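So the structure is just underneath, and the comments pick up after that.
The values are calculated or read from the model by the stated rules, or taken from the named source; none is laboratory data. Owing to the predicted nature of the structure, the values given are computational and were not obtained by experimental measurement. Cβ coordinates were reconstructed from backbone atoms using ideal geometry, including for glycine residues, and neighbour counts include every protein chain displayed. Keep in mind that these areas ignore ligands, DNA and RNA; they rest on the heavy atoms of the full protein, side chains included. Shrake-Rupley method; radii C 1.70, N 1.55, O 1.52, S 1.80 Å.
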Amino acid sequence: MKKRLAPLLTAFFFPFLMYSQEAKPVIRFSPFYTKGIGIEEIRFVESLVQSYLSDFGEVVNYFDNSLPPAGSGDLPAAWTRAPDYVASGSIYLETDGRIFTLEIHDTMTGKTVSSTTVHRTASDLALKARSLVESIFTPPVQTAKAQDEADTGGPGADPEPITEKDIAGTWRGESGIEMIRLQQGGRGVAFFSSGAQMNLTYTIENNMLKVRQNSPNTERFYYPLPYGVAKQLTAEADPMTWELYLYSGGTHLRGVKISTEAKVEGNLLVDLLPDSSRETEWTKTPR
């Protein structure tokens with residue numbers, strides 16, 4: 001009798017366990033576009049990225065020759081489902097090093113999040129692959145994690161009241177921006193890793209800090225993208241904006257960066273993606 005009741009009790013008292021297994025998202029992995037990179041290095045990086053993606057869902061790679069052929073009836077169940085996310089990217093060799101772009105497309109919302117980074121060596125790229133995957137992938141499991149953090153006063157907690165006095169000072173920005181200085185009076189400046197400087201304006205509305213680019217576009221705002229792509233972005237991209245909230249006793253600004261992203265293959269611009277949003281965080285530095 002106890003053996004017969006066990007499955008029923010599990011389904012009744014722990015439905016969330018069953019739901020979490022059924023709700024595990026399917027991630028379709030597309031092989032990377034590459035240029036100037038050896039095949040062994042490409043396979044190694046692709047295997048790393050697929051491994052880290054598997055922490056978030058079931059990864060499907062239609063180019064995996066180790067799996068049974070289609071129609072054999074032995075394929076994993078995930079292969080029969082439409083993907084929840086599509087992961088793609090590129091790696092190509094430039095004088096500065098390996099330019100690595102990773103994209104995650106949410107098929108439900110149509111939103112694409114991407115990250116482009118420069119790595120001097122293959123080892124550097126391999127070491128940072130996990131953090132790059134984690135930084136742009138935000139499936140439901142991440143949302144649940146954020147809610148847990150909110151309940152315990154962590155990064156997902158409610159934002160704090162914000163004033164000009166609170167945000168005046170020096171901040172360390174996201175990748176590609178070394179430092180941001182905000183002054184009272186709604187002005188500021190961002191210092192990019194490329195050496196470029198961007199003037200900023202800001203307002204505080206409904207407890208949100210809205211920061212806006214107040215300098216003409218320059219190719220150096222879009223480093224490390226290829227020069228031709230950066231030049232086209234300079235001509236066509238809208239000003240960058242940030243929508244941020246204050247957390248952690250006034251030491252962190254978190255929110256989204258809204259800008260025009262570029263989809264690139266090799267050195268060629270494939271598509272411009274205006275109003276693309278990416279999660280970002282600024283950390284206040286000691287005075």
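Residues that are of a type in the set (A, V, I, L, M) number at least 2 in the following strands (runs of 3 or more DSSP E) confined to the range 23-66: 26-29, 58-60. Considering (1) without any contact (Cβ under 8 Å) to a residue 12 or more places away in the chain; (2) within 21 Å of the chain's Cα centre (by Cα), the lone condition that residue 189 does not fulfil carries the number (2). Looking at the range 253-280, which of the residues that are free of Cβ contacts under 8 Å to residues at least 60 places away in the same chain and of a type outside the set (A, V, I, L, M, F, W, C) is nearest to residue 159 (Cα to Cα)? Here the residue is 255.
Considering every residue within the range 230-243, establish whether at least one is of a type in the set (Gly, Ala, Ser) and farther than 17 Å from residue 262 by Cβ. No: the range 230-243 contains no residue that is of a type in the set (Gly, Ala, Ser) and farther than 17 Å from residue 262 by Cβ.
In the range 160-180, of all residues being part of a loop (DSSP other than H, G, I, E, B), modelled with pLDDT under 90 and not hydroxyl-bearing (Ser, Thr, Tyr), the one that is nearest to residue 116 (Cα to Cα) corresponds to 176.
Scanning the range 68-80 for any residue that is of a type outside the set (S, T, N, Q), farther than 27 Å from residue 126 by Cβ, part of a helix (DSSP H, G or I) and modelled with pLDDT of 60 or more turns up at least one such residue. Selection within the range 240-269: residues that are over 22 Å from residue 213 (Cα atoms) and in contact with a helix residue (DSSP H, G or I) (Cβ under 8 Å, 6 or more places away or on another chain). The member of this set that is surrounded by the fewest Cβ atoms within 10 Å (Cβ to Cβ) is 268.
Here the range 270-287 is the region considered, the condition is being open to solvent by less than 70 Å² (accessible area, probe 1.4 Å) and among the hydrophobic types (A, V, I, L, M, F, W, C), and the residue that is nearest to residue 132 (Cα to Cα) is 282. Each residue in the range 81-104 was checked for being open to solvent by 60 Å² or more (accessible area, probe 1.4 Å), at pLDDT below 85 and part of a strand (DSSP E or B), and 1 of them qualify.
The residues in the range 18-37 that are modelled with pLDDT of 85 or more, out of contact with any Gly (no Cβ under 8 Å at 6 or more places or on another chain) and open to solvent by 40 Å² or more (accessible area, probe 1.4 Å) can be counted, and the count is 4. Scan the range 253-271 for residues that are over 14 Å from the mean Cα position of the chain (by Cα), among the hydrophobic types (A, V, I, L, M, F, W, C) and more than 17 Å from residue 236 (Cβ to Cβ) and the total you get is 1. Among the residues making up the range 215-239, those that are exposed (fewer than 15 other Cβ atoms within 10 Å of the Cβ) and in a loop (DSSP other than H, G, I, E, B) are 216, 238. Quick check on residue 271: is it of a type in the set (D, E, K, R) and in contact with a Lys or Arg (Cβ under 8 Å, 6 or more places away or on another chain)? Yes, satisfied.
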